[in-house]
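See structure below.
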Amino acid sequence: MSDVVRLTLVSHAMTDAMAAGRFPVDEPLNQIGRRQVKKAGRLDVQQDARLLAGPELRARETAQLLGLYAATEPRLADLHCGGWCGQTLRAVGPADLETWLTDPAEAPHGGESIVDLIRRVAGWLEALAGDTAPVVAVTHPAVIRAAILHSLDAPPKSFWGIDIAPVSRTVLHHRNGRWTLRL
């Protein structure tokens with residue numbers, strides 16, 4: 001039996017972009033988000049845990065409000081939406097939006113495709129596989145979806161079928177060469 005790596009992924013709290021249905025920019029939490037984190041309370045972590053956060057302000061602020069002094073990890077960055085950043089879903093052409101939502105290999109916005117995001121997150125997960133300390137990472141719903149798909153070996157087209165709530169926690173374990181989702 002090999003060692004188990006425990007990874008807890010925490011989704012950042014609510015922002016104005018989320019509330020308005022806009023593609024994200026690097027923005028802080030809104031009042032609702034700060035209340036969500038306060039309601040969730042401080043996160044108790046093992047003393048030897050590695051604490052990480054995505055580079056965006058909303059992830060770092062969530063970590064800080066949870067009482068985590070997290071190092072920034074670039075591979076935990078949100079899905080890059082290219083030219084759509086800051087725009088509402090309605091402002092995007094319907095054909096481009098449909099392409100993006102139905103073909104995970106496409107990125108009509110000029111940013112990162114879902115397939116590329118999953119590949120990036122899979123590389124990060126595999127780098128963690130050799131760790132012995134537990135890891136707590138505050139990141140984005142898209143990154144958490146990608147980690148779940150990788151751990152389940154699920155197809156990229158399943159990406160939009162996973163709902164990740166603000167300040168929710170998803171736990172993955174790595175054991176015997178594979179990741180598993182713990183519910």
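The values are calculated or read from the model by the stated rules, or taken from the named source; none is laboratory data. What you see is a predicted model; the values in this text were computed from it and never measured. All Cβ positions, even for glycine, are placed from backbone atoms using ideal geometry, and neighbour counts span all protein chains on display. Quick note on the areas: whole protein, heavy atoms, side chains included, nothing else; ligands and nucleic acids left out. Shrake-Rupley method; radii C 1.70, N 1.55, O 1.52, S 1.80 Å.
Annotations
- Qualifying residue in the range 6-13 (condition: outside any loop (DSSP other than H, G, I, E, B), in contact with a Lys or Arg (Cβ under 7 Å, 6 or more places away or on another chain) and farther than 23 Å from I118 by Cα): no
- Selection from the range 14-42 of residues that are assigned to a helix (DSSP H, G or I), open to solvent by less than 90 Å² (accessible area, probe 1.4 Å) and out of contact with any helix residue (DSSP H, G or I) (no Cβ under 6 Å at 6 or more places or on another chain): D16, A17, M18, A19, A20, I32, G33, Q36, A40
- Against the test of being touching a residue at least 40 places away in the same chain (Cβ under 8 Å), within 16 Å of F23 (Cβ to Cβ) and either of a type in the set (A, V, I, L, M) or open to solvent by 70 Å² or more (accessible area, probe 1.4 Å) (or both), the options A133, A105, A129, A77 yield a single qualifying residue, A77.
- Against the conditions (1) over 13 Å from H12 (Cβ atoms); (2) open to solvent by 50 Å² or more (accessible area, probe 1.4 Å), L51 satisfies every one except (2).
- Tabulated pairs, the range 151-176, first in a loop (DSSP other than H, G, I, E, B), second hydrophobic (A, V, I, L, M, F, W, C), C-beta under 7 angstrom, 6+ apart or interchain: I162/I148; I164/I144; P166/A13; P166/M14; V167/V10; V167/A13; V167/V37; V167/A40
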